[in-house]
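Shown next, in structure tokens, is the structure this report addresses.
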């Protein structure tokens, strides 16, 4: 019986020490880890669509709450003016959610460019969305408002060949991004002013 | 029995060098040795866990009831593995992405559990420390050697430096799974030849 | 349905857990010298891997993720696997002695079989649904068994041949495994 009690005590003490230590470490490093994830996971997508930015958009960011969810916006300073914001939106693709990073020019409300962050599409077909710049360039220069649809659905976006579902997912992600942008446009414009070259 | 601290340390470097002499921990050995960087990273991560777990196990060996010792070892090891996981996310995110699930899998690396059970639980702190460090460094060296062979033949580069000039056609077989098995098999053979003399 | 067929084929053959994902190599080399032990190990792995994958998936989805303590994933998974193995061992010993006689000695080895833990982690990483996780873990386990039994068959023959001294045992074993992995690369075009 004494042995039993000792076993239980040792296990409980050990587990709680370990849990405590890890929770402490986690709290201490949470911010750094988030930063790293942004830099390495979202970073490449952000940098590729805000090529002209003179600052580091990953570092210059703010967050707003849209429909009770925190959304992070990355600010790009172009020609000395903080005029671009990049943010992520999702659309339902062939293999689950597809994430699209959309950069919008806050002065003209035009989309600067888009880039895919996460996807689970079929390798070789839908996955071409990563590299197909012709497809993605169709969004550049369009107003970040209203409908984005592929031609089949009566829109004006030419779908990637053989990957209609993926193309539609990108469209719906961009459309959601547009909706979000319209919803918080004034807040974005206020926030962006805080960032100067 | 009367081995000095120095001997405990050195035996990990040749006499009992894993994974050649102690045929344990083969999975990470094969999986992460596509590039020298990953190999060294994995080696160091394992060394850290090995040393910490060895120290703690030998300190606690009097307290831990023998019936549940394996469970206690596993908790200790898993704690340190999670520490490595968090630190790597915070400071070396790219390495963390490259090594993927093989970081949490250090938990089931038989080298670590094997040393806790076979050595640390029966010895004092200082020899356990030396043992852990020796085996860990030995493991790191092995990984470095294997990854150097595989990366140089498989891609023609080592840590980004071109090795063989432009006419070299990369032998990409070496960075694939079969190359990993065969490379390790041949290195093991060379090792046997050298030591049988 | 088609999705599941693809998942099954790719988990067994294309992404074979041993020969393409480098998991579970220690038992793969260690228990493949005799066909008998190989089949025993394969059976035990199928059993434990499926159970472990289901339980860890449930814990991760309903416990770790809802409480936002995903950093404890490694530690909780290994504890689940270790206690599961212990529990299965006790259960088999009591209720199905015949099966225990066959699988018994392999069960403790499974705790440190990284294939089991690996599959649990893959299921989480790929964000599989419950059914997908179940199907993939059974398929991975079958893939493990297939590779192990094939390999044991080859190895039994290799022992009969005259292998040069330095190449003997593990060394030739690894090279043979390499050949087998090469064969499995041929399945890559299937899906």
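So residue C:144 ticks every box in (1) surrounded by 14 or more Cβ atoms within 10 Å (Cβ to Cβ); (2) out of contact with any helix residue (DSSP H, G or I) (no Cβ under 8 Å at 6 or more places or on another chain) but one. Which box is left unticked?
(2)
Being in a strand (DSSP E or B), away from chain B (no Cβ under 14 Å), touching a residue at least 12 places away in the same chain (Cβ under 8 Å) and buried (at least 17 other Cβ atoms within 10 Å of the Cβ): is that true of residue A:102 here?
Working: in a strand (DSSP E or B): yes; away from chain B (no Cβ under 14 Å): yes; touching a residue at least 12 places away in the same chain (Cβ under 8 Å): yes; buried (at least 17 other Cβ atoms within 10 Å of the Cβ): yes.
It is true that residue A:102 is in a strand (DSSP E or B), away from chain B (no Cβ under 14 Å), touching a residue at least 12 places away in the same chain (Cβ under 8 Å) and buried (at least 17 other Cβ atoms within 10 Å of the Cβ).
Does residue B:27 qualify as being farther than 18 Å from residue B:140 by Cα, part of a helix (DSSP H, G or I) and modelled with pLDDT under 90? Before you say what the answer is, go through the steps one by one.
On the way: farther than 18 Å from residue B:140 by Cα: no; part of a helix (DSSP H, G or I): yes; modelled with pLDDT under 90: yes.
Spelling it out, it is not the case that residue B:27 is farther than 18 Å from residue B:140 by Cα, part of a helix (DSSP H, G or I) and modelled with pLDDT under 90.
Just one of (1) within 14 Å of the chain's Cα centre (by Cα); (2) more than 26 Å from residue A:12 (Cβ to Cβ); (3) assigned to a helix (DSSP H, G or I) trips up residue B:7, so point out which.
All conditions pass for residue B:7, except number (1).
If a residue has to be over 20 Å from residue C:114 (Cβ atoms) and either at the interface with chain C (Cβ under 8 Å from one of its Cβ atoms) or assigned to a helix (DSSP H, G or I) (or both) to count, how many in the range B:65-108 make the cut?
Filtering the range B:65-108 down to residues over 20 Å from residue C:114 (Cβ atoms) leaves B:65-69, B:72, B:86-87, B:89-94.
Filter once more, keeping what is either at the interface with chain C (Cβ under 8 Å from one of its Cβ atoms) or assigned to a helix (DSSP H, G or I) (or both): B:66-69, B:72, B:86-87, B:89-91, B:93-94.
Count: 12.
Within 12 Å of another protein chain (Cβ to nearest Cβ) and touching a strand residue (DSSP E or B) at 6+ places or on another chain (Cβ under 8 Å): which single residue out of C:127, C:70 fits that description? So that I can check it myself, show each step before the final result.
On the way: C:70 fails: touching a strand residue (DSSP E or B) at 6+ places or on another chain (Cβ under 8 Å).
Residue meeting the stated conditions: C:127.
Condition test on residue B:55, is it surrounded by fewer than 22 Cβ atoms within 10 Å (Cβ to Cβ), out of contact with any strand residue (DSSP E or B) (no Cβ under 9 Å at 6 or more places or on another chain) and more than 12 Å from every other protein chain (Cβ to nearest Cβ)?
Details: surrounded by fewer than 22 Cβ atoms within 10 Å (Cβ to Cβ): yes; out of contact with any strand residue (DSSP E or B) (no Cβ under 9 Å at 6 or more places or on another chain): yes; more than 12 Å from every other protein chain (Cβ to nearest Cβ): yes.
Yes, satisfied.
Looking at (1) surrounded by fewer than 20 Cβ atoms within 10 Å (Cβ to Cβ); (2) touching a helix residue (DSSP H, G or I) at 6+ places or on another chain (Cβ under 8 Å), which is the only condition residue A:111 fails?
Evaluating residue A:111 over (1) surrounded by fewer than 20 Cβ atoms within 10 Å (Cβ to Cβ); (2) touching a helix residue (DSSP H, G or I) at 6+ places or on another chain (Cβ under 8 Å) leaves (1) as the failure.
Which ones in the range C:148-185 are more than 11 Å from chain B (Cβ to nearest Cβ) and more than 20 Å from residue C:115 (Cβ to Cβ)? Reasoning before the result, please.
Here is the first cut: in the range C:148-185, the ones more than 11 Å from chain B (Cβ to nearest Cβ) are C:148-150, C:152-162.
Residues satisfying the conditions are C:156, C:157, C:158, C:159, C:160, C:161, C:162.
Considering only the range B:65-101, how many residues are crowded, with 21+ Cβ neighbours inside 10 Å, more than 24 Å from residue C:22 (Cβ to Cβ) and in contact (Cβ under 8 Å) with a residue 24 or more places away in the chain?
Residues meeting the conditions: 2.
List the pairs whose first member sits in the range A:24-39 and is free of Cβ contacts under 8 Å to residues at least 40 places away in the same chain and facing chain B (nearest Cβ under 7 Å), whose second member is buried (at least 18 other Cβ atoms within 10 Å of the Cβ) and in a helix (DSSP H, G or I), and whose Cβ atoms are under 6 Å apart, counting only residues at least 6 apart or on separate chains?
Listed pairs, sorted by first residue: A:25/B:86; A:26/C:71; A:29/B:86; A:29/B:90; A:32/B:90; A:33/B:89; A:33/B:90; A:36/B:93.
Could you grab the pairs with beta carbons closer than 6 Å, sequence gap of 6+ or different chains, first residue in the range C:99-125 and without any contact (Cβ under 8 Å) to a residue 40 or more places away in the chain, second one crowded, with 20+ Cβ neighbours inside 10 Å and in a helix (DSSP H, G or I)?
Final answer for the pair search is C:99/C:92; C:100/C:92; C:111/C:82; C:111/C:85.
Suppose we filter the range A:150-171 for residues that are assigned to a loop (DSSP other than H, G, I, E, B) and either out of contact with any helix residue (DSSP H, G or I) (no Cβ under 7 Å at 6 or more places or on another chain) or under 19 Å from residue A:102 (Cβ atoms) (or both); how many remain?
Step one: filter the range A:150-171 for residues assigned to a loop (DSSP other than H, G, I, E, B), giving A:154-156, A:158-163.
Checking the rest, the ones that are also either out of contact with any helix residue (DSSP H, G or I) (no Cβ under 7 Å at 6 or more places or on another chain) or under 19 Å from residue A:102 (Cβ atoms) (or both) come to A:154-156, A:158-162.
So the count comes out to 8.
The values are calculated or read from the model by the stated rules, or taken from the named source; none is laboratory data. Remember, it's a predicted structure, so these values are computed and weren't measured experimentally. Please note: Cβ atoms are built from the backbone with ideal geometry, for glycine as well, and neighbour counts cover all protein chains shown.
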